[in-house]
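Here is the structure we will look at, set down as structure tokens.
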Number of protein chains: 2
Amino acid sequence: MPKLPDPLIAELAAVVGAAHVQTDDAFTACYVSDWRRNFPGAARAVVRPGSTAEVSRVVAACAARGVPVVPQGGNTGLVGGSTPDASRREVVLSLDRMTAVRRVDPLDNSMTLEAGCTVLAAQEAAAEAGRLFPLSLASEGSATVGGVVSTNAGGEQVLCYGNTRDLTLGVEVVLADGRVLDALGALRKDNTGYDLKQLFIGGEGTLGIVTAATFKLYAQPRKVVTAWAAVRDPQAAVELLARLGGAVGERVTAFELIGRQALAQVLAHGTPGMRDPLAGDYAWAVLFDVSEASALMDPSPAVEDVLASAMEQGLVLDAVLAASGQHAHDLWALREHVPEAQRLDGPSIKHDISVAVSRIPEFITEAGAALEALVPGLRVVCFGHVGDGNLHYNQSKPVGMPDAEFRAREEAIHDTVHAITARMQGSISAEHGIGRLKQAAFLHYKQPLALELMARIKQAIDPANTFNPGRLLPHTLPAPRPSL
Amino acid sequence: MPKLPDPLIAELAAVVGAAHVQTDDAFTACYVSDWRRNFPGAARAVVRPGSTAEVSRVVAACAARGVPVVPQGGNTGLVGGSTPDASRREVVLSLDRMTAVRRVDPLDNSMTLEAGCTVLAAQEAAAEAGRLFPLSLASEGSATVGGVVSTNAGGEQVLCYGNTRDLTLGVEVVLADGRVLDALGALRKDNTGYDLKQLFIGGEGTLGIVTAATFKLYAQPRKVVTAWAAVRDPQAAVELLARLGGAVGERVTAFELIGRQALAQVLAHGTPGMRDPLAGDYAWAVLFDVSEASALMDPSPAVEDVLASAMEQGLVLDAVLAASGQHAHDLWALREHVPEAQRLDGPSIKHDISVAVSRIPEFITEAGAALEALVPGLRVVCFGHVGDGNLHYNQSKPVGMPDAEFRAREEAIHDTVHAITARMQGSISAEHGIGRLKQAAFLHYKQPLALELMARIKQAIDPANTFNPGRLLPHTLPAPRPSL
């Protein structure tokens, strides 16, 4: 018996054009699953509106029929927040046709882009105007403006410029009834009521669909001093960061910690020519950038000064300053190759945690001891943005342990790491958000009162649970307890 | 007939001690009216809890009886947001006994303070740890941590360090049922759900009572280059700011525009010894600071470079760099004396507006022409934080106009300025918030959908309207329109 035509499809086609409403699995494949294939799904349709007005009408049409809408940007998130479940009930609303740069204003140091612009395109639009858009991610070629706003993406320069939230001056949002909230203004100061945009930044598409955003722009650095330093231990790394900040101020644009295990995997699995920047198997190293916007000033002497006194006092054991752009690039390549090297090394378990910067050493000590007790021989691959208190605290299986045995311990390892993180008032998801992947841990570790307030806000803004149901907050929201 | 004892008073006394529950008008006078005496009020009681636990029990007791609670910090706000109405029904909850510095962590560059700490005490706590807390306000000796968080205070260094929102890493909040939301963590990155603290920052005490906050700290500047420059016009001021930023990056810590009328009033009513920094009656001047954290770097040559080329091109007409700390202090004294000089000059009308920085010149031209047409001879006193797009765009009465006639035009002048601001997607309250003073304009100019969302949030978080009823949002909230 032939399938009856879906009336919603015809309605959506009337809004965006038949070519932009797809139900054919061959076409929808890249929209219904994330690239790690952790959350294979199937959509009732993939709709690709070309304007905010079309997004508004698509949402209204779906909401009127009680059809859930899953907003999608570059689909580079890794937590199952931007793909449909397997029910074929959900409509994927992709912003990938909305790529306009609406305005770039170098005098105001701001720009307004549509949600489908990639982060790379955003960087290029700013650069053409002689300015810097400082958001920088591994996925920047595919990740989109709407996606980074909705997930409050972090990246490599948060230490100096902040997360996406800090870079966002305004947003345009389509609500669950199709109405459009225009909060795109480029204001640096505005105290007229609650700052509504903050709910949609990092809201994971559960409260509204971000269709455009206005961002801050910055001065382009003219010189970057890059250094690789072996440090006594994580405590020395944190102290070095504080000294560096005290000596050069807010110019420290990146400060990464790299444990020996991470470097060893890179050297074992890396590309030809990769080698340890320093002689001696130091247990811990930091890689940092100090950037300078002025052509008339050079931070190198101040950086050398800090490193020299830190060496005298035993915080730094050895260090090298990049002698050229190529040298700096080679040093960063070691850091950026860590995830790939760990993949090549075999099965691994990943965590994306944060604690107060000053508690990083305590975290590494406690978690390391707890994991060794849990799984003797477990190899901790510890690296990340220590300047933000954010570690990619990963584990590779003990040498010789069968994969299945390692996988069997995965939950216990997650629990151990997350419990220590929570005890230290840390975050179990510093960068990647909750989506579906981290919901169980989120519900377990977040303060119940905070969860209740989030549920009340979701009910206040999207009462029919039209947007991204079951992502971030569970399908059935806890009933709000009466306030009195 | 003797007044019956108020059972609530006894209940509150049992929580905080009788000495800290006051109903005597002589004592409560400074709590029930702002210092401009624009909103004289009378409280059922002024309660001064000594701890978060006491705040929690006081709020629960008031809420249980349906008694409105008006949270109060330093009571330096000027919009009627922190004082009771005249009904004697409202309880003022003052945080002025909660002044503990809970922690200062120079390695983490953060500190946690209780709500009653003054901004000055916060600056001092940071300085003792060798760090900078960059929030700086005229009222910093009285304004409190809880107050600046609840009003998202701005001040003099927003251009570089942001508003209070940008400085706030975490908050502790007592909700309307007395429960305590603990979001005090010092995390630089945390993507676990909606960022709840953002609702309480700038919430004007309508959603919860901020009892403590965690702030970011920064490096202390070792050198500040201060310059006073006469500029061709406001457009030249904006272009100079952009060039300065391009040349020295994010080191421009203040950039103020000062119109001739403002300077003339200062010179007419100023303290002995105050004089025009430059010969020649230039119509517009800017006063700016460029700060440097490094002892090994001096931004002066870069600043001189920018000023020199700006003079060649006619943007800058004349300029002077402060030759000493005293000289810099004298230049800033001119700027800081403007409000007092305007008061001494006679009746005035004030606006606290913001637009995109690049639209400042357009705003000044349009508003100036509209006001001259409305009230010929009106003297526009234009000055403020042009680097933030924020002008204190004030008016003094035409020479010889009777005060009564000037006052009679006040509403028309407000409407003219606010209408132009709104047409330029600006803010009618950049720094001071809404409270009661600006509620009518807020309700008139804010997008209705934004007002509706704010009302839904208020109902979701404080459904009984216990906190600051009638401030920011009106007493009777618009009924939320069903989302579908």
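The values are calculated or read from the model by the stated rules, or taken from the named source; none is laboratory data. Just so you know, these numbers come straight off a predicted model, no measurement behind them. Neighbour counts run over all protein chains shown; Cβ positions are idealised from the backbone, glycine included.
Only residues that are assigned to a loop (DSSP other than H, G, I, E, B) and more than 8 Å from chain A (Cβ to nearest Cβ) were counted across segment B:221-231, and they come to 1.
In summary, A:SER56 fulfils each of the numbered conditions (1) assigned to a loop (DSSP other than H, G, I, E, B); (2) within 23 Å of A:LEU169 (Cβ to Cβ) with the single exception of condition (1). Residue count for segment B:122-160, restricted to those that are surrounded by fewer than 21 Cβ atoms within 10 Å (Cβ to Cβ) and closer than 21 Å to B:ASP190 by Cβ: 0. Within segment A:87-107, one or more residues are in a loop (DSSP other than H, G, I, E, B), in contact (Cβ under 8 Å) with a residue 60 or more places away in the chain and either within 14 Å of another protein chain (Cβ to nearest Cβ) or touching a Cys at 6+ places or on another chain (Cβ under 7 Å) (or both).
Just one of the listed residues (A:ASP352, A:ASP305) is charged (D, E, K, R) and out of contact with any helix residue (DSSP H, G or I) (no Cβ under 9 Å at 6 or more places or on another chain), namely A:ASP352.
Among the residues of segment A:1-34, how many are outside any helix (DSSP H, G or I), aliphatic (A, V, I, L, M) and over 16 Å from A:LEU95 (Cβ atoms)?
Of the residues in segment A:1-34, the ones outside any helix (DSSP H, G or I) are A:1-6, A:17, A:21-24, A:33-34.
Subsequent filtering for residues that are aliphatic (A, V, I, L, M) retains A:1, A:4, A:21.
Okay, now just the ones that are also over 16 Å from A:LEU95 (Cβ atoms), so A:1, A:4.
Number satisfying all stated conditions: 2.
Among the residues of segment A:248-259, are any crowded, with 24+ Cβ neighbours inside 10 Å, within 13 Å of chain B (Cβ to nearest Cβ), over 25 Å from the mean Cα position of the chain (by Cα) and not hydrophobic (A, V, I, L, M, F, W, C)? The answer is yes; a qualifying residue exists.
Please work out which residue is farthest from the other protein chains (Cβ to nearest Cβ), limiting yourself to segment B:340-358 and to residues that are under 30 Å from A:GLY170 (Cβ atoms) and not polar (S, T, N, Q). Let's see the steps before the verdict.
So in segment B:340-358, the residues under 30 Å from A:GLY170 (Cβ atoms) come out as B:349-358.
Still in the list and also not polar (S, T, N, Q): B:349-353, B:355-357.
Working: B:ILE349: 19, B:LYS350: 15, B:HIS351: 13, B:ASP352: 9, B:ILE353: 10, B:VAL355: 7, B:ALA356: 4, B:VAL357: 5 Å.
Here the residue is B:ILE349.
Going through segment B:339-360 one residue at a time, which ones are more than 17 Å from B:ALA430 (Cβ to Cβ) and not basic (Lys, Arg)?
The first filter runs over segment B:339-360 and keeps only residues more than 17 Å from B:ALA430 (Cβ to Cβ), leaving B:340-348.
B:GLU340, B:ALA341, B:GLN342, B:LEU344, B:ASP345, B:GLY346, B:PRO347, B:SER348, listed by residue number.
Within segment A:147-190, being closer than 22 Å to A:ALA464 by Cβ and either more than 7 Å from chain B (Cβ to nearest Cβ) or not acidic (Asp, Glu) (or both) holds for A:SER150, A:VAL171, A:GLU172, A:VAL173, A:VAL174, A:LEU175, A:ALA176, A:GLY178, A:ARG179, A:VAL180, A:LEU181. Filtered by the rule that a residue be crowded, with 18+ Cβ neighbours inside 10 Å, more than 7 Å from chain A (Cβ to nearest Cβ) and outside any loop (DSSP other than H, G, I, E, B), segment B:428-450 gives B:GLN439, B:ALA441, B:TYR445.
If we scan segment B:38-48, do we find a residue that is part of a helix (DSSP H, G or I) and either over 24 Å from B:ALA176 (Cα atoms) or not polar (S, T, N, Q) (or both)? Outline the logic, then answer.
Going through segment B:38-48, the residues part of a helix (DSSP H, G or I) turn out to be none.
No.
Among the residues of segment B:41-78, count how many are crowded, with 24+ Cβ neighbours inside 10 Å, among the hydrophobic types (A, V, I, L, M, F, W, C) and under 24 Å from the mean Cα position of the chain (by Cα). Qualifying residue count for the region: 2. Residues in segment A:191-215 that are touching a Phe, Trp or Tyr at 6+ places or on another chain (Cβ under 9 Å) and more than 10 Å from every other protein chain (Cβ to nearest Cβ): 4 in all. The set of residues in segment A:164-190 being in a loop (DSSP other than H, G, I, E, B), touching a residue at least 40 places away in the same chain (Cβ under 8 Å) and either of a type outside the set (Lys, Arg) or under 15 Å from A:ASP105 (Cβ atoms) (or both) consists of A:LEU175, A:ALA176, A:ASP177, A:GLY178, A:LEU184, A:ALA186. Which members of segment B:451-484 meet the condition of being within 21 Å of A:LEU181 (Cβ to Cβ), at the interface with chain A (Cβ under 7 Å from one of its Cβ atoms), assigned to a loop (DSSP other than H, G, I, E, B) and at pLDDT 95 or above? Across segment B:451-484, the qualifying residue is only B:LEU472.
In segment B:386-404, the residues that are under 15 Å from A:ARG188 (Cβ atoms) form Cβ pairs under 7 Å with partners that are among the hydroxyl-bearing types (Ser, Thr, Tyr), at six or more places apart or across chains, as follows: B:ASP388/B:SER354; B:GLY389/B:SER354; B:ASN390/B:SER354. Count of segment B:281-307 residues, restricted to those that are within 14 Å of chain A (Cβ to nearest Cβ), assigned to a loop (DSSP other than H, G, I, E, B) and hydroxyl-bearing (Ser, Thr, Tyr), is 1. Given the condition in a loop (DSSP other than H, G, I, E, B) and surrounded by fewer than 21 Cβ atoms within 10 Å (Cβ to Cβ), answer yes or no: does some residue in segment A:355-374 qualify? Among the residues of segment A:355-374, not one is in a loop (DSSP other than H, G, I, E, B) and surrounded by fewer than 21 Cβ atoms within 10 Å (Cβ to Cβ), which makes the answer no.
For B:PRO272, the criteria (1) surrounded by fewer than 17 Cβ atoms within 10 Å (Cβ to Cβ); (2) touching a residue at least 24 places away in the same chain (Cβ under 8 Å) hold in every case but one, which is (2).
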